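Have a look at this one.
None of the figures in this text is laboratory data; all of them are computed from the coordinates on show. What you see is a predicted model; the values in this text were computed from it and never measured. Here the Cβ is made from the backbone with ideal geometry for all residues, glycine too, and neighbour counts use every protein chain on show.
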Amino acid sequence: MGKRPFLGWFVTPGALCALGFAAAMAAVLQYAFRAHIPGSLEVGGFTWANFEGMLRPLYATVFLQTVWLCALTAFFSLLLGYPLAHALVHARSTAWKSVLLVVAVTPLFLGEVVRTYSWLTVLGNSGFVNGALLWLGLIDGPIQFMFTRFGVALALVHVTLPVMVIMLAAALSHIDRDYERAAHSLGAGPVRSFLTVTLPLSMPGILAGTGTAFAWTFSAFATPQIIGGGRVNMVSNLVYQLGFSSFNFPFAASLSIVGLALTAAVLGLLRIGTMRLERVGT
Amino acid sequence: MAAEPRPALQVDGVTRRFGAVTALADAWLKVPPGEFLTLLGPSGCGKSTLLNLIAGFLEPDQGEIFIDGALVTEVPVWQRGIGMVFQNYALFPHMTVAKNVAYGLAARRVPREEAARRVAEALALVKLTGMEERKPRQLSGGQQQRVALARALVIRPKLLLLDEPFSALDRNLRGAMQVELREIQRSLGIATVFVTHDQGEALSMSDRVAVMSEGRIRQVGTPEAIYRRPADRFVAEFVGDVNRLPARLVAVEGETALVECGACRLSVPAAPLAAAAAGTAVDLFLRPEQIRTAPPGTPGLTEAVVAARAFHGDHADLHCDAPGMAQRLLLRVPGHAAEGPGARLALLPDPSADAVAFPISG
């Protein structure tokens, strides 16, 4: 390193970016502890009021709703993602593998807004699902999917699924196939060998995938904004409303900080869980 | 005629292809109860394919497989009643030694007290009593192998399959484990199919050896028969060290044929030479210990010059150059024999030599 000092210059762009991010974070952090002066973009002196205000039912509910939606999303992406990842890793033909990979990962390459708008055409009152059900005569009037927690959760699962599948597939592909073969040779059928061997050995992947899905969903904005239509709010939507409708930057900043802390706490807990798992086995 | 005992394993004309490659062509095998049979061959010879077909991890394109008299060609692995030791042991890393060994019993819904008793017995058999609560990664390679063996044996399989189980062990441990495995196998009287590419291991451990190459079983026989009467040149060259000398077919008389090499005439099995006419050139195969040395000038197979001598304690290997031979000749002489590099020798066949000859290929 010392003999090629010019290499140090390549760090400059990265360092500048890091500096920018750090400055922004510092700004948000200091805003969070400032008093809001109604009708003005200027902020007042130091205060804890923003964090106290968060405990009011109106905001606390949004936090609870966010955590609940994150948990639901993580759980259902795990439920859907595991079989997909398993099939992806164990597929014999490369063609089938490619098909599965495309199906699993495509949502990642569509912008969040485009993806969310496509759900409008599926879930809307005159959308595909209601249209089909009406045509079949199974329902008399359209079912309300839009602006419901179910609709938001569905779209969030769609957004989160690729991340979950990629993380689970990585974990599953690292499990030696001989474990499963050994279980079969010892008399365990596919279900037993899955439950007693493959599933426990993929636990680190499950924890990592669930944690990431949780954190990934916590910052969701466009999906609850469009599908929720203001009736299903998550923390980001609240931050947006407070910041750009009420111009209450200090409160918006404190909400962001708490959201960030909550995400970090969840990831930390998962890390501890994974470490314990590693100590026990694998 | 006495009824033949029901074979523990029977492979009837099994063929398996992977795309355009025939991994195993028309394999026939019968393993009687209690026999230790080795599938021996270089990598890619089809031995692992055959083992996987017997275990049920692969399905044959043609042919049938019977285990203990029952047709199992369509039966899934978990219902075949086999025990298998994998090359990497495949011990479940998240389970203790006891849980690993008990796995097959749990799958068979053996009552808990009986399972505990059988796990203890199996661990005693492989001398691992006291290790019950260890995790596989806390064990040495040899101990892991014992657990794998106990796990495969505790379910009292009809057939034990061993996939190169010694390849991960160091040399000293390997020898001890080979002896021990064979003792356990014999005491339980369990029919065993063992896969290896190590011909020394195959000769020392097996009741019978099936030598394989290019997807075919070339010869099945006792280690002695394989070593002394190889059926073709592949078997002769793959099993043990061997010298190839140019010779000429003199005559075929019933079961034996007479070949001439240098000033010597040797009788060899006639079967491999059935298609050759008298007078044609053939390759004569002699083991290193079947060649004697004599002072130069003695009429013999050929004259040779010692190029190198490797001392092995009880014996020494002499690598010799002989005129007109592309390959060096290998002689195994007693360790106290004095011939060193540069010595001129005449080579004679041992009177009791089991020489074989094959038509020149290609």
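Placing unit charges on C-beta atoms (Lys and Arg positive, Asp and Glu negative, everything else neutral), compute the dipole magnitude of the protein assembly as shown about its Cα centre in debye, rounded to 20.
On the way: 54 positive and 47 negative charges, 339 e Å.
Taking the Cα centre of the protein assembly as shown as origin, the dipole is about 1620 debye.
When the chain is fully extended, how far beyond the present Cα-Cα distance does A:Ser40 get from A:Phe75, taking 0.36 nm per residue of separation?
Value of the extension gain: 8.3 nm.
Can you check how the C-alpha radius of gyration of the protein assembly as shown compares to 2.2 N^0.38 Å, as a plain ratio?
1.43
Could you check the simple spin-label distance between A:Arg276 and B:Ser140, using points 7 Å along Cα→Cβ, in nm with one decimal?
3.5 nm
On to the next question. Per residue of A:174-184, what is the mean number of Cβ atoms on other protein chains within 10 angstrom of that residue's Cβ?
Per residue, the number of nearby Cβ atoms from other chains is 6 on average.
Extension gain B:Ala20-B:Thr222, at 0.36 nm per residue separation less the Cα-Cα distance, in nm?
Separation in residues times 0.36 nm, less the Cα-Cα distance, equals 69.4 nm.
Taking square-rooted eigenvalues a ≥ b ≥ c of the alpha carbon gyration tensor, is chain A rounded, prolate or oblate, where a/c under 1.5 means rounded and, failing that, a/b exceeding b/c means prolate?
Numbers: a/c = 1.99, a/b = 1.26, b/c = 1.58.
Verdict is oblate for chain A.
To make sure I understand, if each residue's beta carbon is the centre and we count other beta carbons within 10 Å, what order do A:Phe33, A:Phe128 fall in, fewest to most?
With the fewest neighbours first, A:Phe33, A:Phe128 line up as A:Phe128, A:Phe33.
Under the rule a/c < 1.5 gives rounded, and otherwise a/b versus b/c splits prolate from oblate, where does segment A:1-93 land using the Cα gyration tensor? Walk me through the numbers before you get to the answer.
Values: a/c = 4.46, a/b = 1.11, b/c = 4.01.
Judged from the Cα gyration tensor, segment A:1-93 comes out oblate (a/c at least 1.5, b/c at or above a/b).
Shape call for segment B:20-94 from the C-alpha gyration tensor, a ≥ b ≥ c root eigenvalues: rounded (a/c under 1.5), prolate (a/b greater than b/c) or oblate?
rounded
For chain B, modelled as a GNM with alpha-carbon contacts under 10 angstrom, which of B:Ala122, B:Ala210, B:Ala277 fluctuates the most?
B:Ala277
What trypsin sites (Lys or Arg not before Pro) in segment B:245-352 are in a loop by DSSP, with at most 16 other Cβ atoms within 10 Å of the Cβ?
Answer by residue number: B:Arg328.
Please work out the C-alpha center-to-center distance from segment A:217-262 to segment B:59-102 and express it in whole Å.
Value for the Cα centre distance between the two parts: 56 Å.
Mind sorting B:Ser48, B:Ser187, A:Ser77 by how few other Cβ atoms lie within 10 Å of their own Cβ, fewest first?
B:Ser187, B:Ser48, A:Ser77
Hey, another quick one. What list do you get for B:Leu58, A:Leu120 if you sort them by fewest beta carbons within 10 Å?
The most exposed by this proxy come first: A:Leu120, B:Leu58.
Between segment B:308-341 and segment B:249-302, what is the separation of their alpha carbon centroids in Å?
With segment B:308-341 and segment B:249-302 each reduced to a Cα centre, they are spaced 21 Å.
By Kyte-Doolittle mean hydropathy of at least -0.5 and Cα axial length of at least 27 Å, which whole DSSP H helices of chain A are selected?
Flagged H segments are A:12-32, A:57-90, A:149-173, A:249-280.
Once both labels are modelled 7 Å past Cα along the beta-carbon direction, what's the A:Gln144-A:Ala27 spacing in nm?
4.0 nm
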